[in-house]
Amino acid sequence: MTKISAAITAVGGYVPPDVLSNADLEKLVDTNDEWILSRTGIKERRILKGEGLATSDMAVEAVNELLRKRGITANDLEVIIFCTVTADKIFPSSACILADKIGAKNAFGYDLAAACSGFLFGLETATRFIESGRYKNVLVVGGDKMSSIIDYTDRNTCIIFGDGLGCVLIEPTEEENVGIIDSVLKIDGYGRNFLYQKAGGSQYPPTHESIDAREHFVYQDGKTVYKFAVTGMADVSAQIMERNHLTADDIAWLVPHQANLRIIDATAERMGLGKDKVMINIDHFGNTTNGTLPLLLWEWEKKLKKGDNLVLAAFGGGFTWGAIYIKWAYNS
Ligand code: COA
């Protein structure tokens with residue numbers, strides 16, 4: 001029997017039009033453009049504004065673009081995996097809300113929470129669904145309205161995050177050696193005290209006191225997270241190269257999570273890659289959490305050629321981290 005492989009066959013993306021620049025942040029907290037740019041590489045981020053607008057509203061825009069590009073309708077979708085830490089509501093899932101908003105009547109789906117590594121974990125799940133032969137397409141959505149959980153009085157976090165969302169369609173391919181080839185994925189709950197939201201879940205349900213203490217916002221011990229991220233992301237990226245006998249020359253693009261330009265540089269250096277092979281959007285979008293990796297693919301799609309070797313790598317809260325090796329399946 002021919003082995004069924006899974007490949008990305010279409011990409012969509014959406015970022016809201018409103019820009020939050022470093023100069024804007026200088027008016028909110030004690031910071032400055034020079035510090036933010038030199039420590040993180042960020043110049044500006046996008047913010048989703050508008051009463052009642054949620055992560056699923058960005059998904060509607062991105063998914064409709066993807067469907068148009070692929071020439072299919074929402075009713076053709078079989079599975080929707082919605083990777084996010086800013087679901088519209090705790091329940092029902094954003095996958096359900098999205099399916100209703102785009103009119104996907106034949107899909108099942110659910111949300112997947114793995115912080116900044118969520119899109120990688122979603123990609124892995126979609127790959128196995130396709131390889132099993134059970135489904136003929138899976139939509140993986142990754143995105144966040146981070147502005148809904150960021151404290152704009154906390155300079156440790158508000159300078160980093162932005163809003164945005166991307167999506168990919170995964171379909172079977174019988175072509176040899178094309179598609180989503182290998183993955184190294186990890187979690188370590190030791191990290192749960194260094195990047196998290198204290199209140200709002202079942203451990204500390206919302207109370208007036210928790211709101212007053214600003215415990216519904218993201219807390220990050222940046223130094224500790226940095227230390228683990230810088231080695232974690234580089235380790236798995238090097239490991240996936242070794243396992244697949246890839247040299248730096250074989251790799252067309254590193255597609256790294258964008259938490260801090262210095263973490264990205266360290267990963268590229270460990271892989272022996274020059275800056276010309278590294279996708280970067282942290283300067284104009286900041287860290288969009290689950291949105292980062294699909295948005296990179298969306299922005300770079302036209303430059304990607306069939307057969308290009310891509311390594312996607314991420315590190316995030318949990319801790320969660322990993323790398324996925326993809327041989328790009330189409331020319332745009
Ligand atoms: N503006 C100006 N100064 C700031 C500042 C800001 N926004 N934030 C902190 N500072 C100050 C600190 O008070 C400190 O001053 P001091 O030396 O007088 O005490 C100094 O700058 C250095 O602070 P530090 O926290 O050590 O900065 P850093 O170099 O570690 O950078 C992060 C902070 C958050 C950018 C960095 O730690 C980071 O990127 N962490 C990892 C993020 C990540 O990977 N997240 C996971 C995925 S989401």
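Each reported figure results from applying straightforward, stated rules to the coordinates on display, with no laboratory input. Note that the structure is predicted; figures quoted are calculated from it, not measured. Here the Cβ positions follow ideal geometry from the backbone for every residue, glycine too, while neighbour counts run over all protein chains shown.
For the chain, DSSP calls about 70 percent of its internal beta bridges antiparallel.
Over all directions, average the projected area of the Cα convex hull of the range 5-173 and note it in nm². Let's see the in-between values first.
Values: hull surface 41.0 nm².
One quarter of the hull surface, i.e. the mean projection, equals 10.3 nm².
Here's the list of lysines a cross-link from residue 105 could span, going by alpha-carbon distance under 23 Å and ignoring same-chain residues fewer than 8 apart: 69, 89, 136. Couplings 3J(HN,Hα) of the range 316-325, computed from phi: x, x, x, 6, 10, 7, x, 9, 10, 9 Hz, in residue order, whole Hz [Karplus 6.51 cos²θ - 1.76 cosθ + 1.60, θ = phi - 60°; x for Gly and Pro]. Near residue 219, the amide H atoms lying under 5 Å from its own belong to 196, 197, 198; only residues 5 or more places off or on other chains count, and H is placed 1.01 Å from N. Counting only the Cα atoms, the range 179-327 fills a convex hull of 122 Å³ per residue. Please grab the % of Cα pairs in the chain that end up more than 31 Å from each other. Every Cα pair in the chain considered, those over 31 Å come to 27 percent.
For 129, 285, 108, the sequence from fewest to most other C-beta atoms within 10 Å is 108, 129, 285.
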